[in-house]
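What follows is a short report on a single structure.
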Amino acid sequence: MPAKPPVLKADLPEQLEQRSLLRDALRRFLQNRLAMLGAILLSLLVIVAVLADIVAPYGLNEVDFSIVRLPPFEDPNHILGGDGVGRDFLTRLIYGARTSLFVGLLVPLISFGFAVPLGAIAGYRGGFWDFGILRVIEIATAIPPLLFAMFLISITGAGLGNVIFVLAITSWIEPARIARAQFLKYRETEFVLAARALGASESQIITRHILRNSLTPLLVSFTFAVPLAIFAEAGLSFLGIGITEPTASWGKMVGGSVKSSTVIVDYHLALFPTVLVALTMLSFSFVGDGLQEALDPSRGD
């Protein structure tokens with residue numbers, strides 16, 4: 001019988017010849033130890049926050065006057081001690097994780113939700129649209145975001161919803177700039193011109209061609225925006241104009257302990273929430289750096 005013809009490389013399916021960009025990015029991310037450490041810590045934090053009602057040993061506002069300012073590690077039933085009004089401090093920290101993650105994720109979602117379309121219009125349309133939107137961005141850049149947030153909070157009042165709203169409208173500048181830069185970069189590229197010549201609609205060009213190629217810097221920016229939102233919420237709560245009772249907040253815990261006259265004695269009331277805020281921000285930074293390296297198309301294997 002005649003011998004079978006050899007299988008040429010060109011005959012192989014394209015997906016078998018080259019690994020997908022997503023698989024390459026995932027492999028590079030998994031090889032980044034700091035990024036994986038950050039992802040593991042964030043995963044544990046998310047699990048604790050979601051299951052706070054189950055994980056927490058006591059109710060959020062359950063009061064026991066016998067543990068008022070109880071130091072940590074003295075009572076096995078209250079391993080991290082009690083706060084200034086007799087609530088289990090470990091329970092407050094667990095519910096504080098839920099608040100921090102809720103604010104940290106929702107604020108960038110809202111700000112990116114209107115900043116990216118705004119930057120896309122400026123970059124894709126150009127001309128009058130670009131000039132007008134860019135002037136608005138420059139004016140907003142000149143206003144200190146923390147002072148502006150404090151001013152808005154003084155008008156709207158404190159509370160979880162108001163804090164999220166205020167932080168969202170004071171953190172839109174960076175994603176708008178990134179979206180504008182990406183659309184300016186890709187709107188005259190060859191593949192966009194080819195798609196336009198083939199009759200693709202503007203919506204198809206924007207979503208399928210330009211936006212898809214702009215997701216990497218936007219995703220990395222979103223990752224870094226989360227810890228900034230958490231830190232901003234902690235700062236406002238520390239000043240006493242952020243999250244209000246009975247909602248637990250790490251920043252409010254630190255602010256309340258610093259304002260008391262027994263901060264040196266009751267060190268745990270400020271130390272533990274401060275460490276948790278720092279670890280959360282550091283974890284998001286590790287994940288952001290890992291994504292930036294993994295999704296970099298110029299990075300070789």
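Here are a few things to note about the model shown:
- Between ARG125 and ILE155, residue separation times 0.36 nm minus the direct Cα-Cα distance comes to 7.2 nm.
- Förster radius 45 Å - calculated FRET efficiency between GLN204 and GLU245 (Cβ-Cβ, nearest 0.05): 0.35
- Gyration tensor verdict on the stretch 86-127 (Cα atoms; rounded if a/c is under 1.5, prolate if a/b is larger than b/c, oblate otherwise): prolate
- Under 5 Å between amide hydrogens, built in the peptide plane, is the criterion, and for HIS78 it picks out nothing among residues at least 5 positions away or on other chains.
- Between SER43 and GLU188, the distance separating the two model label sites (each 7 Å from Cα on the Cα→Cβ line) works out to 4.6 nm.
- Helical contribution to [θ] at 222 nm, DSSP H n ≥ 4, -39,500 (n - 2.57), averaged over the chain, rounded to 500: -21500 deg cm²/dmol
- Relative contact order (percent, whole number), the chain, Cα cutoff 8 Å, 6+ residue spacing: 24 percent
- For the chain, the longest principal axis of the alpha carbon atoms and the long axis of helix 268-294 meet at an angle near 0°.
- With R₀ fixed at 30 Å, the C-beta to C-beta distance from LEU34 to PHE73 puts the FRET efficiency at about 0.50.
- Taking a ≥ b ≥ c as the square roots of the eigenvalues of the Cα gyration tensor, an a/c ratio of 1.5 or more together with a/b no larger than b/c marks the chain as oblate.
- Simple Cβ-charge dipole of the stretch 47-143, Lys/Arg +1 and Asp/Glu -1, about Cα centre, in debye nearest 20: 460 debye
- Largest GNM mean-square fluctuation among PRO246, PRO217, PRO273, using the chain with Cα springs under 10 Å: PRO246.
- Amide proton proximity set for GLY84, modelled H, under 5 Å, gap of 5+: ARG69
- Using only side-chain charges placed at the Cβ, +1 for Lys and Arg and -1 for Asp and Glu, the dipole size of the chain relative to its Cα centre rounds to 860 debye.
- Between PHE114 and TYR267, residue separation times 0.36 nm minus the direct Cα-Cα distance comes to 50.9 nm.
- Of the residues ILE155, ILE210, PRO273, the one whose Cα sits farthest toward the positive end of the charge dipole of the chain, with +1 on the Cβ of Lys and Arg and -1 on the Cβ of Asp and Glu, is ILE210.
- Karplus-based coupling profile of the stretch 57-71, in residue order and whole Hz: x, 9, x, 4, 10, 6, 10, 9, 5, 6, 10, 4, 6, 5, x, with θ = phi - 60° in 6.51 cos²θ - 1.76 cosθ + 1.60 and x standing for Gly or Pro.
- Toward the positive end of the charge dipole of the chain, with +1 on the Cβ of Lys and Arg and -1 on the Cβ of Asp and Glu, the farthest Cα among VAL254, SER237, LEU30 is that of LEU30.
- Farthest toward positive dipole pole in the stretch 21-294 [+1 Lys/Arg, -1 Asp/Glu at C-beta], among VAL68, SER285, ILE94: SER285
- Given 15 as the ceiling on other Cβ atoms within 10 Å, longest exposed-site-free region of the chain for chymotrypsin sites (Phe, Trp or Tyr not before Pro) in DSSP loops: 74-266
- Where labels lie 7 Å past Cα in the beta-carbon direction, separation of LEU105 and LEU147 in nm: 3.5 nm
- Top of ILE137, ILE243, ILE155 by mean-square fluctuation, Gaussian network on the chain, Cα under 10 Å: ILE155
Only the coordinates and a few stated rules stand behind these numbers; no lab work does. Not measured: the values here are computed from a predicted model. All Cβ positions, glycine included, derive from the backbone under ideal geometry; neighbour counts span all protein chains shown.
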